[in-house]
Amino acid sequence: MEILSSAIYDKKIQSYNIIMELSLIEYYEFIKSSMLDNEFQRNKVRSSKTIYALLKQDLITGCVIPPIVLAMNVNIDEEERNNLDLVKKIIIENKRNIFILDGLQRTFTIQDICIDVEKGYIDKSALANPVRIEIYLGLNKEGVLYRMLTLNTGQTPMNLRHQIEIIYSDLINAQNESNFRLIKDTESENLNKLGFYRFSDAIDAFTSFLENDYLQITREKLLSTIKSFDNLSKLRNEADLFGDLMTVYTLFINKVVNAIGDKDIKLDISRENQDNLFGKNAYTIFNKSQPLTGFGAAISRLIELETYERIKDLISNIDLIDIDNLYEGILNLLVELNEIRISSKKNWKFTKVFFLSFFPYLL
(Lines give C-alpha, C1' and ligand atoms only; values in the text may rest on other atoms or scores of the structure.)
Protein backbone atom coordinates (compact mmCIF):
# COMPACT_ATOMS: atom_id res chain seq x y z
CA MET A 1 0.00 0.00 0.00
CA GLU A 2 1.59 3.23 -1.17
CA ILE A 3 0.40 6.84 -1.15
CA LEU A 4 1.39 8.37 -4.47
CA SER A 5 1.12 12.07 -3.64
CA SER A 6 0.25 14.54 -0.90
CA ALA A 7 -3.44 15.31 -0.30
CA ILE A 8 -5.25 17.80 -2.55
CA TYR A 9 -8.01 19.92 -1.00
CA ASP A 10 -11.42 19.74 -2.71
CA LYS A 11 -12.95 23.19 -2.17
CA LYS A 12 -16.42 22.13 -3.34
CA ILE A 13 -16.99 19.47 -0.70
CA GLN A 14 -14.31 20.63 1.75
CA SER A 15 -12.39 17.38 1.90
CA TYR A 16 -8.84 16.15 1.22
CA ASN A 17 -8.30 13.76 -1.69
CA ILE A 18 -5.37 11.38 -1.96
CA ILE A 19 -4.35 8.67 -4.44
CA MET A 20 -3.00 5.30 -3.34
CA GLU A 21 -1.73 2.20 -5.10
CA LEU A 22 -2.34 -1.29 -3.73
CA SER A 23 -2.15 -4.84 -4.99
CA LEU A 24 -5.47 -6.57 -5.63
CA ILE A 25 -5.13 -8.64 -2.46
CA GLU A 26 -4.15 -5.57 -0.39
CA TYR A 27 -7.21 -3.73 -1.63
CA TYR A 28 -9.52 -6.66 -0.91
CA GLU A 29 -8.18 -7.07 2.62
CA PHE A 30 -8.45 -3.32 3.13
CA ILE A 31 -12.07 -2.97 2.01
CA LYS A 32 -13.82 -6.24 2.88
CA SER A 33 -14.67 -5.45 6.51
CA SER A 34 -16.55 -2.27 5.60
CA MET A 35 -18.38 -4.11 2.78
CA LEU A 36 -19.49 -7.02 4.94
CA ASP A 37 -20.56 -4.90 7.92
CA ASN A 38 -23.13 -2.80 6.02
CA GLU A 39 -26.37 -4.72 5.50
CA PHE A 40 -27.64 -1.98 3.17
CA GLN A 41 -24.72 -2.45 0.78
CA ARG A 42 -25.92 -3.06 -2.73
CA ASN A 43 -25.49 -6.58 -4.08
CA LYS A 44 -23.37 -7.57 -7.03
CA VAL A 45 -24.96 -6.70 -10.37
CA ARG A 46 -26.08 -9.86 -12.19
CA SER A 47 -27.34 -8.31 -15.43
CA SER A 48 -23.95 -7.47 -16.97
CA LYS A 49 -22.10 -10.79 -16.77
CA THR A 50 -20.26 -10.29 -20.05
CA ILE A 51 -18.95 -6.84 -19.08
CA TYR A 52 -17.76 -7.89 -15.64
CA ALA A 53 -16.33 -11.17 -16.94
CA LEU A 54 -14.21 -9.09 -19.32
CA LEU A 55 -13.22 -6.77 -16.45
CA LYS A 56 -12.23 -9.78 -14.37
CA GLN A 57 -10.01 -11.12 -17.12
CA ASP A 58 -8.45 -7.69 -17.62
CA LEU A 59 -7.58 -7.43 -13.93
CA ILE A 60 -6.06 -10.91 -13.94
CA THR A 61 -3.80 -9.97 -16.86
CA GLY A 62 -2.72 -6.72 -15.17
CA CYS A 63 -4.89 -4.16 -16.93
CA VAL A 64 -4.88 -0.77 -15.18
CA ILE A 65 -8.46 0.30 -14.47
CA PRO A 66 -9.73 3.75 -13.44
CA PRO A 67 -9.25 4.47 -9.72
CA ILE A 68 -11.87 3.22 -7.28
CA VAL A 69 -13.15 6.15 -5.21
CA LEU A 70 -13.64 5.82 -1.45
CA ALA A 71 -14.56 8.18 1.38
CA MET A 72 -13.67 8.18 5.06
CA ASN A 73 -15.09 10.56 7.67
CA VAL A 74 -11.73 11.10 9.34
CA ASN A 75 -10.19 14.56 9.35
CA ILE A 76 -6.59 15.55 8.70
CA ASP A 77 -5.19 19.07 8.95
CA GLU A 78 -2.91 21.12 6.72
CA GLU A 79 0.22 19.91 8.49
CA GLU A 80 -0.75 16.22 8.53
CA ARG A 81 -1.59 16.08 4.83
CA ASN A 82 2.09 16.28 3.86
CA ASN A 83 3.12 13.55 6.29
CA LEU A 84 2.38 10.55 4.07
CA ASP A 85 3.34 7.94 6.68
CA LEU A 86 0.93 9.50 9.20
CA VAL A 87 -1.87 9.75 6.62
CA LYS A 88 -1.35 6.08 5.73
CA LYS A 89 -1.51 5.11 9.42
CA ILE A 90 -4.76 7.09 9.90
CA ILE A 91 -6.35 5.42 6.86
CA ILE A 92 -5.41 1.89 7.97
CA GLU A 93 -6.65 2.46 11.53
CA ASN A 94 -10.05 3.68 10.26
CA LYS A 95 -10.64 1.27 7.39
CA ARG A 96 -13.92 0.02 8.87
CA ASN A 97 -15.39 3.51 8.32
CA ILE A 98 -15.03 3.53 4.54
CA PHE A 99 -17.75 4.15 1.94
CA ILE A 100 -17.34 3.07 -1.67
CA LEU A 101 -18.34 6.12 -3.71
CA ASP A 102 -17.51 4.75 -7.14
CA GLY A 103 -16.30 1.27 -8.03
CA LEU A 104 -18.50 -1.13 -6.10
CA GLN A 105 -18.83 -3.57 -9.01
CA ARG A 106 -15.08 -3.38 -9.67
CA THR A 107 -14.61 -4.20 -5.99
CA PHE A 108 -16.91 -7.24 -6.30
CA THR A 109 -14.87 -8.37 -9.31
CA ILE A 110 -11.62 -8.07 -7.32
CA GLN A 111 -13.30 -10.08 -4.55
CA ASP A 112 -14.16 -12.81 -7.07
CA ILE A 113 -10.54 -12.95 -8.20
CA CYS A 114 -9.26 -13.31 -4.63
CA ILE A 115 -11.77 -16.09 -3.90
CA ASP A 116 -10.90 -17.90 -7.14
CA VAL A 117 -7.18 -17.76 -6.27
CA GLU A 118 -7.96 -19.23 -2.85
CA LYS A 119 -9.85 -22.07 -4.54
CA GLY A 120 -7.00 -22.68 -6.96
CA TYR A 121 -8.90 -21.58 -10.08
CA ILE A 122 -6.52 -18.69 -10.83
CA ASP A 123 -2.76 -18.41 -10.39
CA LYS A 124 -1.92 -16.43 -7.25
CA SER A 125 0.39 -14.12 -9.20
CA ALA A 126 -2.75 -12.18 -10.23
CA LEU A 127 -3.12 -10.95 -6.66
CA ALA A 128 0.02 -8.82 -7.05
CA ASN A 129 -1.46 -6.79 -9.91
CA PRO A 130 -1.91 -3.11 -8.99
CA VAL A 131 -5.08 -1.10 -8.49
CA ARG A 132 -5.34 2.59 -7.70
CA ILE A 133 -7.81 4.17 -5.32
CA GLU A 134 -8.80 7.71 -4.45
CA ILE A 135 -9.80 8.43 -0.87
CA TYR A 136 -11.65 11.51 0.36
CA LEU A 137 -10.73 12.23 3.96
CA GLY A 138 -12.98 14.27 6.25
CA LEU A 139 -15.98 14.04 3.96
CA ASN A 140 -19.22 14.32 5.91
CA LYS A 141 -22.31 12.30 5.01
CA GLU A 142 -23.94 14.99 2.92
CA GLY A 143 -20.69 15.39 1.00
CA VAL A 144 -20.58 11.61 0.49
CA LEU A 145 -24.08 11.76 -0.98
CA TYR A 146 -23.14 14.62 -3.29
CA ARG A 147 -20.00 12.88 -4.52
CA MET A 148 -21.80 9.53 -4.96
CA LEU A 149 -24.38 11.24 -7.15
CA THR A 150 -21.89 13.10 -9.30
CA LEU A 151 -19.66 10.06 -9.75
CA ASN A 152 -22.39 7.52 -10.49
CA THR A 153 -24.91 9.33 -12.69
CA GLY A 154 -23.91 7.39 -15.80
CA GLN A 155 -23.17 4.06 -14.13
CA THR A 156 -25.26 1.03 -13.22
CA PRO A 157 -28.24 2.65 -11.47
CA MET A 158 -28.52 2.51 -7.71
CA ASN A 159 -31.75 3.68 -6.17
CA LEU A 160 -31.18 7.06 -4.53
CA ARG A 161 -32.98 6.00 -1.40
CA HIS A 162 -30.65 2.99 -1.20
CA GLN A 163 -27.63 5.28 -1.42
CA ILE A 164 -28.91 7.35 1.49
CA GLU A 165 -29.62 4.17 3.50
CA ILE A 166 -26.01 3.07 3.05
CA ILE A 167 -24.62 6.43 4.13
CA TYR A 168 -26.80 6.80 7.25
CA SER A 169 -27.14 3.15 8.30
CA ASP A 170 -24.72 3.69 11.21
CA LEU A 171 -27.45 5.77 12.91
CA ILE A 172 -29.67 2.72 13.46
CA ASN A 173 -30.04 2.19 17.21
CA ALA A 174 -27.29 4.75 17.84
CA GLN A 175 -27.43 6.99 20.89
CA ASN A 176 -27.68 10.74 20.26
CA GLU A 177 -28.09 13.92 22.27
CA SER A 178 -31.61 14.55 20.93
CA ASN A 179 -33.04 11.32 22.37
CA PHE A 180 -34.50 9.90 19.18
CA ARG A 181 -33.82 6.36 18.05
CA LEU A 182 -33.95 4.90 14.55
CA ILE A 183 -34.91 1.23 14.41
CA LYS A 184 -35.15 -1.45 11.75
CA ASP A 185 -38.54 -2.43 10.35
CA THR A 186 -38.18 -5.79 12.11
CA GLU A 187 -38.12 -4.01 15.50
CA SER A 188 -41.58 -2.50 15.14
CA GLU A 189 -42.54 -3.50 18.70
CA ASN A 190 -40.57 -0.43 19.84
CA LEU A 191 -42.57 2.00 17.72
CA ASN A 192 -44.97 2.78 20.56
CA LYS A 193 -42.12 4.35 22.51
CA LEU A 194 -41.76 8.12 22.27
CA GLY A 195 -38.81 9.12 20.10
CA PHE A 196 -38.55 5.82 18.19
CA TYR A 197 -38.87 5.88 14.38
CA ARG A 198 -38.49 3.34 11.61
CA PHE A 199 -35.21 4.00 9.84
CA SER A 200 -37.05 3.69 6.51
CA ASP A 201 -39.56 6.41 7.53
CA ALA A 202 -36.75 8.74 8.61
CA ILE A 203 -35.06 8.15 5.23
CA ASP A 204 -38.35 9.20 3.56
CA ALA A 205 -38.30 12.45 5.54
CA PHE A 206 -34.70 13.21 4.64
CA THR A 207 -35.03 12.48 0.93
CA SER A 208 -38.14 14.69 0.84
CA PHE A 209 -36.18 17.47 2.52
CA LEU A 210 -33.32 17.20 0.03
CA GLU A 211 -35.59 17.24 -3.01
CA ASN A 212 -38.17 19.67 -1.60
CA ASP A 213 -40.84 17.21 -2.71
CA TYR A 214 -43.05 14.68 -0.95
CA LEU A 215 -43.08 12.29 -3.93
CA GLN A 216 -40.52 9.56 -4.64
CA ILE A 217 -37.38 11.18 -6.03
CA THR A 218 -34.87 10.10 -8.61
CA ARG A 219 -31.12 10.48 -8.57
CA GLU A 220 -31.31 12.75 -11.63
CA LYS A 221 -33.84 15.09 -9.97
CA LEU A 222 -31.78 15.32 -6.80
CA LEU A 223 -28.54 15.86 -8.70
CA SER A 224 -30.18 18.69 -10.61
CA THR A 225 -31.26 20.26 -7.32
CA ILE A 226 -27.85 19.84 -5.71
CA LYS A 227 -26.08 21.39 -8.72
CA SER A 228 -28.22 24.51 -8.30
CA PHE A 229 -27.14 25.06 -4.68
CA ASP A 230 -24.76 27.95 -4.13
CA ASN A 231 -21.75 26.33 -2.46
CA LEU A 232 -23.99 23.48 -1.36
CA SER A 233 -26.14 25.78 0.76
CA LYS A 234 -28.34 22.93 1.96
CA LEU A 235 -25.49 20.47 2.30
CA ARG A 236 -23.33 22.63 4.57
CA ASN A 237 -20.20 20.79 5.55
CA GLU A 238 -20.64 21.72 9.20
CA ALA A 239 -24.27 20.54 9.37
CA ASP A 240 -25.70 17.21 10.43
CA LEU A 241 -28.82 17.60 8.33
CA PHE A 242 -30.28 14.19 9.02
CA GLY A 243 -29.82 14.52 12.77
CA ASP A 244 -31.10 18.10 12.80
CA LEU A 245 -34.24 17.14 10.88
CA MET A 246 -35.08 14.27 13.24
CA THR A 247 -34.25 16.41 16.28
CA VAL A 248 -36.76 19.09 15.29
CA TYR A 249 -39.40 16.49 14.48
CA THR A 250 -38.88 14.76 17.83
CA LEU A 251 -39.22 18.08 19.66
CA PHE A 252 -42.48 18.67 17.77
CA ILE A 253 -43.92 15.27 18.72
CA ASN A 254 -42.86 15.76 22.35
CA LYS A 255 -44.62 19.14 22.34
CA VAL A 256 -47.85 17.61 21.04
CA VAL A 257 -47.77 14.61 23.36
CA ASN A 258 -47.00 16.75 26.42
CA ALA A 259 -49.81 19.14 25.48
CA ILE A 260 -52.63 16.63 24.99
CA GLY A 261 -51.28 13.58 26.79
CA ASP A 262 -51.70 9.97 25.73
CA LYS A 263 -55.48 10.22 25.53
CA ASP A 264 -57.33 7.84 23.19
CA ILE A 265 -58.54 10.38 20.64
CA LYS A 266 -60.98 7.93 19.11
CA LEU A 267 -63.32 8.52 22.04
CA ASP A 268 -63.88 12.12 20.91
CA ILE A 269 -64.30 11.40 17.21
CA SER A 270 -67.76 11.13 15.70
CA ARG A 271 -68.85 7.54 15.08
CA GLU A 272 -68.86 7.88 11.28
CA ASN A 273 -65.17 8.84 11.35
CA GLN A 274 -63.97 6.24 13.84
CA ASP A 275 -63.22 3.40 11.41
CA ASN A 276 -59.59 3.07 10.29
CA LEU A 277 -58.44 6.22 12.04
CA PHE A 278 -54.99 7.44 10.97
CA GLY A 279 -53.88 7.20 14.61
CA LYS A 280 -55.43 6.67 18.01
CA ASN A 281 -53.26 9.16 19.91
CA ALA A 282 -50.83 11.99 19.22
CA TYR A 283 -47.77 9.79 18.87
CA THR A 284 -49.26 7.18 16.54
CA ILE A 285 -50.59 9.94 14.28
CA PHE A 286 -47.20 11.52 13.66
CA ASN A 287 -44.91 8.49 13.89
CA LYS A 288 -45.60 7.42 10.28
CA SER A 289 -44.01 7.84 6.87
CA GLN A 290 -46.64 10.26 5.52
CA PRO A 291 -46.25 13.01 8.17
CA LEU A 292 -42.47 12.51 8.24
CA THR A 293 -42.31 12.87 4.45
CA GLY A 294 -44.57 15.91 4.48
CA PHE A 295 -42.48 17.42 7.28
CA GLY A 296 -39.21 16.97 5.35
CA ALA A 297 -40.59 18.62 2.22
CA ALA A 298 -42.26 21.41 4.24
CA ILE A 299 -39.05 22.32 6.09
CA SER A 300 -37.17 22.40 2.80
CA ARG A 301 -39.71 24.83 1.35
CA LEU A 302 -39.60 27.08 4.42
CA ILE A 303 -35.81 27.30 4.03
CA GLU A 304 -36.19 27.95 0.31
CA LEU A 305 -38.59 30.81 1.09
CA GLU A 306 -36.00 32.13 3.58
CA THR A 307 -38.45 31.81 6.47
CA TYR A 308 -35.57 29.99 8.16
CA GLU A 309 -31.89 29.82 7.27
CA ARG A 310 -31.27 26.29 8.49
CA ILE A 311 -33.12 23.41 10.15
CA LYS A 312 -31.84 24.20 13.64
CA ASP A 313 -33.52 27.60 13.50
CA LEU A 314 -36.88 25.87 13.92
CA ILE A 315 -35.99 24.55 17.37
CA SER A 316 -36.91 27.78 19.13
CA ASN A 317 -40.22 27.93 17.25
CA ILE A 318 -41.40 24.58 18.57
CA ASP A 319 -41.92 26.14 22.00
CA LEU A 320 -44.04 28.87 20.38
CA ILE A 321 -46.66 26.49 19.01
CA ASP A 322 -50.06 27.51 20.37
CA ILE A 323 -51.36 24.60 22.43
CA ASP A 324 -54.67 26.15 23.52
CA ASN A 325 -56.60 24.72 20.60
CA LEU A 326 -54.17 21.93 19.74
CA TYR A 327 -56.41 19.04 20.77
CA GLU A 328 -59.32 20.37 18.75
CA GLY A 329 -56.95 20.80 15.83
CA ILE A 330 -55.81 17.17 16.09
CA LEU A 331 -59.44 15.99 16.04
CA ASN A 332 -60.07 18.02 12.88
CA LEU A 333 -56.88 16.67 11.35
CA LEU A 334 -58.07 13.09 11.84
CA VAL A 335 -61.44 13.87 10.27
CA GLU A 336 -59.72 15.42 7.23
CA LEU A 337 -57.39 12.43 6.88
CA ASN A 338 -60.38 10.10 7.04
CA GLU A 339 -62.06 12.06 4.25
CA ILE A 340 -58.92 11.66 2.15
CA ARG A 341 -58.91 7.92 2.81
CA ILE A 342 -62.54 7.54 1.75
CA SER A 343 -62.45 9.80 -1.31
CA SER A 344 -59.10 8.94 -2.91
CA LYS A 345 -57.72 5.70 -4.29
CA LYS A 346 -54.19 7.07 -3.84
CA ASN A 347 -54.81 8.28 -0.32
CA TRP A 348 -51.12 7.80 0.64
CA LYS A 349 -50.18 10.50 -1.88
CA PHE A 350 -52.83 12.98 -0.82
CA THR A 351 -52.06 12.33 2.84
CA LYS A 352 -48.50 13.51 2.16
CA VAL A 353 -49.88 16.58 0.40
CA PHE A 354 -52.01 17.28 3.45
CA PHE A 355 -49.06 17.15 5.82
CA LEU A 356 -46.97 19.23 3.42
CA SER A 357 -49.54 22.01 3.88
CA PHE A 358 -50.10 21.30 7.58
CA PHE A 359 -46.56 21.83 8.89
CA PRO A 360 -45.78 25.27 7.34
CA TYR A 361 -49.04 26.58 8.84
CA LEU A 362 -48.08 25.21 12.26
CA LEU A 363 -44.41 26.31 12.20
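The values are calculated or read from the model by the stated rules, or taken from the named source; none is laboratory data. All of these numbers come straight from a predicted model, not from anything done at the bench. All Cβ positions, even for glycine, are placed from backbone atoms using ideal geometry, and neighbour counts span all protein chains on display. Remember, those area values only see protein heavy atoms, side chains included, never the ligands or the DNA or RNA. Shrake-Rupley method; radii C 1.70, N 1.55, O 1.52, S 1.80 Å.
Starting from the Cα-Cα distance between Asn192 and Ile3, subtract it from 0.36 nm times their residue separation and give me the gain in nm to one decimal.
Net length gain for the segment: 63.0 nm.
Would you pull out the residues with amide H under 5 Å of Arg198's amide H, same chain only if 5 or more places away, H placed 1.01 Å from N?
Hits under the 5 Å cutoff: Ile183.
Cross-link list Lys32/Lys184; Lys12/Lys32; Lys56/Lys119: which exceed 27 angstrom alpha carbon to alpha carbon?
Flagged as over cut-off: Lys12/Lys32.
For segment 64-133, what does the accessible surface come to per residue with a 1.4 Å probe? Please give it in Å².
Accessible area per residue: 53 Å².
Which of the pairs Lys141/Lys288; Lys255/Lys312; Lys288/Lys352 have their Cα atoms more than 21 Å apart in this structure?
Beyond 21 Å: Lys141/Lys288.
Mind ranking 57-63, 109-115, 241-247 by how tightly packed they are, going by the mean number of other C-beta atoms within 10 angstrom, highest first?
By packing density, highest mean first, the sequence is 241-247, 109-115, 57-63.
Quick one: net charge of Arg81's neighbours, Cβ under 14 Å, K/R +1, D/E -1?
Once all neighbours under 14 Å are counted, the net charge is -4.
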